[in-house]
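Asker: Got a structure for you, questions after.
The values are calculated or read from the model by the stated rules, or taken from the named source; none is laboratory data. For clarity, every value in this text was computed on a predicted model and none was experimentally measured. Cβ atoms come from the backbone with ideal geometry, glycine included; neighbour counts cover every protein chain shown.
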Amino acid sequence: MNKILNWGLLSTAKINQALIKPLRASKRTRLLSVASRSISSAEAYAREWNIPRAHGSYEALLADPEIDVIYNPLPNHLHAEWTIKALRAGKHVLCEKPFALTLAEVDAMSQAAQETGKILEEAFMYRHHAQTLKVKEIVDSGLLGKLQLIKGAFTFPLTREGDIRSKKEMGGGSIWDVGCYPISYARMIVGAEPVEVFGWQVESESGTDDSFIGQMRFEGGVHAQFDSGFKSPDRSMIEIVGTEASLTIPAPFKPGKTSEIFLSRNNEQEKIKIKGNELYLGEVEDMCDAITQNTAPRISHKDSRGNVAVILALLESARLGKPVALARG
């Protein structure tokens, strides 16, 4: 219960910077090591971020007996391979989103976690934030009436040449990078999987989607619409519409320590202020709870599998130019 968990960073990816602060803020974690594909790169990163230990290969980090938890921020196409290797090495794993690129990979990851008895969770940080929990509470309370529509967007201008987000073979594309957020959000709010999806995409020269526009149909007359993209301005929003009221979340995926959401009903708008924590701290503490207290991770493997299934169906719909039904169960 009181064990301090030693964490290792699997690569020097930029997203690491978001996790370093919460790993140091938590009383139950210690950032012990970082790995890179060369010892010089690992040592330079360790010096820059004051990390005690550096490993010159990913394998060396997994072989370190003092490491309890691995954070896997590798490119999308490497999530499954190195997550499974880490689990087999006896490490718990917090794997960056998207969980994997195929359902077969998701199932192999889940099987490895089950066989090793180690905790594996997808790193959708917004799911742990007080704002998200409050939104879900409001929807489930019935305050909005019968749920009808969820609209979402997540776009930003990607200007860096050669970015891995633009490489199809590495799991690039806007839907995998940022579209996964409004898809995840809608599924969480409805509390179910869509039965049918329809998608359109604008392809880049490399064959990835520079922008994606998608629709999801749930049972009971609930629908969701979203867009994601690399060629639009910075945009991030969720709107949830019921028969009695609507809820607007201006910063759904990266809420701050304080945030505001807006409830509209009877031609009046109410501002709801929410006090939260450091954005990435929630996923760290959720991992700690699961490891030390045997609680279920907030984001289950079934949940992660569902998100991947929807993304794959949307991509298939865009390719075929027609709706795609999702398998039940």
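Asker: Under 8 Å between Cβ atoms, which residue pairs at least 6 apart in sequence (or on different chains) link something in the stretch 13-27 that is basic (Lys, Arg) with a partner that is part of a loop (DSSP other than H, G, I, E, B)?
Answerer: 21/278; 21/280
Asker: Now for a separate question. Considering only residues that are at pLDDT below 95 and surrounded by 16 or more Cβ atoms within 10 Å (Cβ to Cβ), look in the stretch 144-164 and name the one that is farthest from residue 75 (Cα to Cα).
Answerer: Here is the first cut: in the stretch 144-164, the residues at pLDDT below 95 are 158-164.
Adding the requirement that they be surrounded by 16 or more Cβ atoms within 10 Å (Cβ to Cβ) leaves 158, 164.
Numbers: 158: 16, 164: 7 Å.
The selected residue is 158.
Asker: Could you tell me whether the stretch 204-225 includes any residue that is of a type in the set (A, V, I, L, M), surrounded by fewer than 20 Cβ atoms within 10 Å (Cβ to Cβ) and assigned by TED's automatic domain parsing to the domain that holds residue 247? If you could, list the steps in order and put the result at the bottom.
Answerer: The first filter runs over the stretch 204-225 and keeps only residues of a type in the set (A, V, I, L, M), leaving 213, 216, 222, 224.
Subset that is surrounded by fewer than 20 Cβ atoms within 10 Å (Cβ to Cβ): none.
No.
Asker: Among the listed residues 78, 74, 62, identify the single one that is out of contact with any His (no Cβ under 8 Å at 6 or more places or on another chain), of a type outside the set (Phe, Trp, Tyr) and part of a loop (DSSP other than H, G, I, E, B). Break it down stepwise before answering.
Answerer: Values: 78 fails: part of a loop (DSSP other than H, G, I, E, B); 62 fails: part of a loop (DSSP other than H, G, I, E, B).
Only one candidate qualifies: 74.
Asker: Same structure, new question: Any residue that is out of contact with any Asp or Glu (no Cβ under 6 Å at 6 or more places or on another chain), assigned by TED's automatic domain parsing to the domain that holds residue 189, buried (at least 19 other Cβ atoms within 10 Å of the Cβ) and among the aromatic types (Phe, Trp, Tyr) - is there at least one of those in the stretch 247-265?
Answerer: There is at least one residue in the stretch 247-265 that is out of contact with any Asp or Glu (no Cβ under 6 Å at 6 or more places or on another chain), assigned by TED's automatic domain parsing to the domain that holds residue 189, buried (at least 19 other Cβ atoms within 10 Å of the Cβ) and among the aromatic types (Phe, Trp, Tyr).
Asker: Are any of the residues in the stretch 146-156 in a loop (DSSP other than H, G, I, E, B), closer than 26 Å to residue 312 by Cα and in contact (Cβ under 8 Å) with a residue 60 or more places away in the chain? Spell out how you get there, then give the answer.
Answerer: The first filter runs over the stretch 146-156 and keeps only residues in a loop (DSSP other than H, G, I, E, B), leaving 146, 156.
Okay, now just the ones that are also closer than 26 Å to residue 312 by Cα, so 156.
From what is left, the residues that are in contact (Cβ under 8 Å) with a residue 60 or more places away in the chain are 156.
The answer is yes, given that some residue of the stretch 146-156 is in a loop (DSSP other than H, G, I, E, B), closer than 26 Å to residue 312 by Cα and in contact (Cβ under 8 Å) with a residue 60 or more places away in the chain.
Asker: Among the residues of the stretch 88-143, which ones are crowded, with 22+ Cβ neighbours inside 10 Å and of a type in the set (A, V, I, L, M)?
Answerer: Once the filter is applied, which keeps residues that are crowded, with 22+ Cβ neighbours inside 10 Å and of a type in the set (A, V, I, L, M), the stretch 88-143 yields 93, 94, 100, 106, 109, 119, 120, 123, 125, 135.
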